[in-house]
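First comes the structure, then the notes that go with it.
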Amino acid sequence: MSPSSLPPFQLRLRRAPMCAALALALGAAAVHAERADRYKPLNFTADTLRYDDLKQTNVLTGNVVITKGTMTVKAARVEVHQTPSGHQSAVAHAGGGQSAYFRQKRDAVDEYIEGEGQRIEYDGRTDTVRLVGQAVVRRYRGTTLADEVKGQTITYDNLAETFTVQGGEGDGRVRGVLSPRDAGPPAGAAR
């Protein structure tokens, strides 16, 4: 079976063993992210803004920085749409040889998820983040890099606590480095 015919790498995370599962599979783009973030206001800075009231769409260009609670998105261009029910979605595009960037704090722990890609899609209604094109996701414990995974597309569904990593560099393979969870040495063992 060739790598391209294999199903995407997918993992179901559960609440109780989340930390252990995360150490095994890198908590992609917002593993158990701050759940309150989706209800926070979206703040932004940019060089220019074009607003379409009829379509409820904002197009931000030039050094765009968006914050929504603990979530931060940085990109060359971001389109933000709001549905009549108030849900927000955004598509961030890379530019100038740089990737679009995403960062969010994990809920109830001192851990952050960072991601980069040529395009980052956020859907507040479904609470999903999708990184497309040379996608990379990193998990930090405090300020220490713990895990990193790379693929062509990384999709995270925060409500279902699942993520998928598809495709990869050149040969189509997903790549990553996963650090063990430091639970301390066994009883009686020297460090």
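About its Cα centre, how strong a charge dipole does segment 43-164 have in debye, to the nearest 20, once Lys and Arg get +1 and Asp and Glu get -1 at the Cβ?
It works out to roughly 200 debye.
Taking all protein chains together, L178, L54 sort by accessible area into L54, L178, largest first [probe 1.4 Å].
Of the trypsin sites (Lys or Arg not before Pro) found in segment 40-104, the ones in coil according to DSSP and having at most 12 other Cβ atoms within 10 Å of their Cβ are K55. When only the Cβ of Lys, Arg, Asp and Glu is charged (+1, +1, -1, -1), the dipole of segment 105-146 relative to its Cα centre reaches about 80 debye. Annotation: lysines with alpha-carbon distance below 26 angstrom to K40 (same-chain offsets under eight excluded): K55, K68, K74, K105. Along the axis of the charge dipole computed for segment 29-109 (Cβ charges of +1 for Lys and Arg, -1 for Asp and Glu, origin at the Cα centre), the listed residues N63, F102, N43 are led at the positive end by F102.
Of L159, L60, L42, the residue with the largest accessible area leads and the full order is L159, L42, L60 (1.4 Å probe).
The values are calculated or read from the model by the stated rules, or taken from the named source; none is laboratory data. Nothing here was measured: the structure is a model prediction, and the numbers come from that model. Note that we place each Cβ from the backbone using ideal geometry, even for glycine, and neighbour counts take in every protein chain shown. When the accessible area is computed, the model is the full protein with side chains, heavy atoms only, and any ligands, DNA or RNA have been set aside. Shrake-Rupley method; radii C 1.70, N 1.55, O 1.52, S 1.80 Å.
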